[in-house]
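Notes for the one structure printed next.
The values are calculated or read from the model by the stated rules, or taken from the named source; none is laboratory data. All of these numbers come straight from a predicted model, not from anything done at the bench. Note: ideal-geometry Cβ built from the backbone for every residue, glycine included; neighbour counts use all protein chains shown. We work out accessible area using only protein heavy atoms, side chains counted, and drop any ligands, DNA or RNA first. Shrake-Rupley method; radii C 1.70, N 1.55, O 1.52, S 1.80 Å.
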Amino acid sequence: KETEKRTKVKSRVMANALSALVSDSSGLFIMGHKSPDNDCVGAAAGVFAIARKKGVPAYIIQEAGSPPSKVLSDRLAQLTEYRGAFLAPQEALLMMDNRSLVVVVDTNRPEQVLSREVLESCNRVAVIDHHRRAATYIEGAALNYHEPYASSASELVTELLQYVGERDDKPNRVEAEGLLAGILLDTQDFTLHTGVRTFEAAAALRRYGAETERVRRLFDVTMVEYNAKADLVEKAQMYKNCAISIGGEVDPEARVAIAQAANDLLRIQGVDASFVAVQVGNGVNVSARSMGAVNVQVIMESLGGGGHQTMAAAQLKHITPQAARSRIQDAIDQYYLSQKKTTPEARPAKGE
């Protein structure tokens, strides 16, 4: 488990390094992971605010369709500062030159970025992420701000914002609310993976004008999403202190219900971890959550995914939902077996 660092020296050093990189760039192209959530888009908006402070044009590469962060993206797109700021990957490729800077937020794995082409077309890349390092990693980044102890990418970007530009150069209210939404999402309303600095970042965003009521509205769900979540929670079955729910195809606009169902299952007594799997095309997407007693990152990594100790996911290709259940159960068995092996056996007392 990562230990929190109280000192902010590294944040200040990274802020200075990022400022220099941004100032030396012709333009910023900010990109997160596929199916971007509020933490991803909130962090991207924070980096956009840094670029604005430095007077450098910036663009956010967006995913087509209705990703989980669509409500936040739509709020940002209505602002004057963001007119023409959201681009498709192909548009970004046409605009890039040899002085462009690509900033990757909320992921450190090349196969998870929204556009691999954009990443590989630029020779100057900065990475800001809080997920633990996996086998694959974005190599050769000009700046790598990677802190697994942090609650979210939004927390890291909030700290950077405080050391860039003049004290009066604040992000606007919608950007501050996006960053706060990212922190709320990844900490499950300040219950998981929170440290002293998480609350300090939230306090700074509140000073910047973030209104908690408006942030809460970013997580409102439609009736379709709510029904999908309720259906997945109802289908859950217990397996070794883990709740496993297997569902069929979910309406594309209700994909966020998968993670929400996994979160809700943790509130049931006796559930140490939850796994929700639904069919997507000819594969299965799995969302895993825990309260810390079970390391779901290790379990998801054995299925080809990854994430954090308390929040992880995986995508299984060419598999049916029922076969996915067996794979998840096998992964849980292997995890508990490995835990027994790593736990030292109690020594017999004298005289036994």
Quick one: would you say ILE244 is over 22 Å from LYS53 (Cα atoms), in contact with a Phe, Trp or Tyr (Cβ under 7 Å, 6 or more places away or on another chain), of a type in the set (A, V, I, L, M, F, W, C) and outside any helix (DSSP H, G or I)? yes
For segment 328-346, enumerate the residues that are open to solvent by 100 Å² or more (accessible area, probe 1.4 Å) and modelled with pLDDT of 90 or more. GLN334
Of the residues that make up segment 184-197, is at least one in contact with a Lys or Arg (Cβ under 9 Å, 6 or more places away or on another chain) and within 30 Å of THR80 (Cα to Cα)? yes
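Residues checked against (1) closer than 19 Å to ASN16 by Cβ; (2) surrounded by 15 or more Cβ atoms within 10 Å (Cβ to Cβ); (3) of a type in the set (Phe, Trp, Tyr); (4) in contact with a His (Cβ under 6 Å, 6 or more places away or on another chain):
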position: SER154; (1), (2), (3), (4): no, yes, no, no
position: VAL164; (1), (2), (3), (4): yes, yes, no, no
position: LEU180; (1), (2), (3), (4): no, yes, no, no
position: THR198; (1), (2), (3), (4): no, yes, no, no
position: THR222; (1), (2), (3), (4): no, no, no, no
Going by the structure shown, is GLU253 open to solvent by 40 Å² or more (accessible area, probe 1.4 Å) and either at pLDDT below 90 or in a helix (DSSP H, G or I) (or both)? yes
Which residues, counting only those in segment 68-94, are open to solvent by less than 10 Å² (accessible area, probe 1.4 Å) and part of a helix (DSSP H, G or I)? LEU72, LEU76, TYR82, ALA92
Got a number for residues in segment 234-246 being in contact (Cβ under 8 Å) with a residue 12 or more places away in the chain, on the phi < 0 side of the Ramachandran plot and either surrounded by fewer than 21 Cβ atoms within 10 Å (Cβ to Cβ) or out of contact with any Lys or Arg (no Cβ under 8 Å at 6 or more places or on another chain) (or both)? 6
In segment 166-178, how many residues are crowded, with 24+ Cβ neighbours inside 10 Å and either β-branched (Val, Ile, Thr) or modelled with pLDDT under 95 (or both)? 1
Looking at this structure, is ASP97 in contact (Cβ under 8 Å) with a residue 24 or more places away in the chain and open to solvent by less than 30 Å² (accessible area, probe 1.4 Å)? no
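One line per residue, one yes/no per condition, for (1) more than 24 Å from THR191 (Cα to Cα); (2) open to solvent by 10 Å² or more (accessible area, probe 1.4 Å); (3) part of a strand (DSSP E or B); (4) at pLDDT 90 or above:
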site: ARG216; (1), (2), (3), (4): no, yes, no, yes
site: ALA230; (1), (2), (3), (4): no, yes, no, yes
site: ASN263; (1), (2), (3), (4): no, yes, no, yes
site: VAL286; (1), (2), (3), (4): no, no, yes, yes
site: GLY292; (1), (2), (3), (4): no, yes, no, no
site: GLY304; (1), (2), (3), (4): yes, yes, no, no
Tell me, please, whether a residue that is of a type in the set (D, E, K, R) and modelled with pLDDT of 95 or more can be found in segment 131-153. no
If you check GLY270 against the conditions, is it in a loop (DSSP other than H, G, I, E, B), of a type outside the set (A, V, I, L, M, F, W, C) and either open to solvent by 30 Å² or more (accessible area, probe 1.4 Å) or within 24 Å of SER154 (Cα to Cα) (or both)? yes
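Here's the yes/no breakdown for (1) open to solvent by less than 10 Å² (accessible area, probe 1.4 Å); (2) in contact with a Leu (Cβ under 9 Å, 6 or more places away or on another chain):
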position	(1), (2)
THR7	no, no
SER11	yes, yes
LEU21	no, yes
PHE29	yes, yes
HIS33	no, yes
VAL41	no, yes
GLY46	yes, yes
ARG52	no, no
SER66	no, no
Just wondering, is there one or more residues in segment 203-212 that are in contact with a Ser or Thr (Cβ under 8 Å, 6 or more places away or on another chain) and open to solvent by less than 20 Å² (accessible area, probe 1.4 Å)? yes
